[in-house]
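To keep things clear, I will list the structure first and then write my remarks on it.
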Amino acid sequence: MIFRLSEELLFPPPVLARDDGLLAVGGDLSVERLLLAYSMGIFPWYSEGDPLLWWSPDPRMVLVPGEFHCSRRLARILRQDNFRVTFDQDFAQVIKGCAVPRSDQEGTWIVPEMQEAYIRLHEEGWAHSVECWQGEELVGGLYGVSLGGFFFGESMFSKVANGSKVAFASLAAQLDSWDFDLIDCQMNTPHLVTLGAREITGLDFSRNLQASLQRPTRRGSWSLEG
């Protein structure tokens, strides 16, 4: 069942999602609605020219920060210190990098309206970026939303080999040190599996999320802490 959203209608519970995870159509990308959506395990995902679509897939792909799988090759790359990693230093450039279509894609779901919405979330301290640099060049990174003990990963990009992996490994290590509960990876991909992510049921995801939301949110800039 798909629900059409209005200003008067809140999101239905995620358990009512269609088999493909599509939950609702319409609404807006205001900070208030995005925070409401994430607090219910819902995220926006649509292409240019499509209506605003909201998703809550079941099963859900997640990663426990302490279970990040760092291969021997990646560990060696991290030890070589060829990359400089920062947090919340250039959110706008990270999301622009993520919006560039991949070689196997015709377009991007990170349309200008999405970029503007997440930049607003970042400015209010809810969305965060991890930057991977070589010298002064941004060569990889990722961004997502933090609520309670959850980090909702949205997208990552890399201009050079291993740029996004280094950013993800750094994020997982930092979140583990802060005792975060889960990183929401949304959809299952073979790449995420190699990094230690696994699927859980939508019900388990919802239960974990609601428990985690009882914890305070690490809101604000992570730049000095990362």
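Where a number appears in this text, it was derived from the coordinates with a stated rule and is not lab data. The structure presented is a predicted model; accordingly, all values stated were derived computationally and were not measured. Glycine gets a Cβ as well: all are built from the backbone with ideal geometry, and neighbour counts include every protein chain shown.
Using a Förster distance of 30 angstrom, determine the FRET efficiency expected from the C-beta separation of R76 and E136, and round it to 0.05.
0.75
What nm value, rounded to one decimal, do you get for the distance between S30 and A211 when each label is placed 7 Å out toward the C-beta?
3.3
So which GluC sites (Glu not before Pro) in the stretch 85-170 pass both tests, a DSSP loop state and at most 10 other Cβ atoms within 10 Å of the Cβ?
Passing both the DSSP loop test and the Cβ count: E106, E136.
Using alpha carbons only, how many degrees (0 to 90, rounded to 10) separate the axis of helix 163-177 from the longest principal axis of the chain?
Compared with the principal axis, the helix lies near 80 degrees.
Helix-only estimate, please: 222 nm mean residue ellipticity of the chain, summing -39500 (n - 2.57) across DSSP H runs of length 4 or more and dividing by its residues, to the nearest 500.
Rounded to the nearest 500, the figure is -9000 deg cm²/dmol.
If each residue of separation counts as 0.36 nm, what is the full-extension length gain between I119 and D20 once their alpha-carbon separation is subtracted?
This chain segment gains 32.8 nm when fully extended.
Can you tell me the length gained on complete extension of the stretch A173 to V64, counting 0.36 nm per residue apart and subtracting the Cα distance?
Working: separation 109, 0.36 × 109 = 39.24 nm, distance 1.05 nm.
Here the segment from A173 to V64 would lengthen by 38.2 nm.
Which of rounded, prolate, oblate describes the stretch 61-212, given a ≥ b ≥ c as roots of the alpha-carbon gyration tensor eigenvalues and a/c under 1.5 marking rounded, otherwise prolate only if a/b is larger than b/c?
Rounded, because the longest to shortest axis ratio a/c is under 1.5.
Cut-off 10 angstrom, C-alpha nodes, Gaussian network model of the chain. Which of G27, G141, G153 fluctuates the most?
G27
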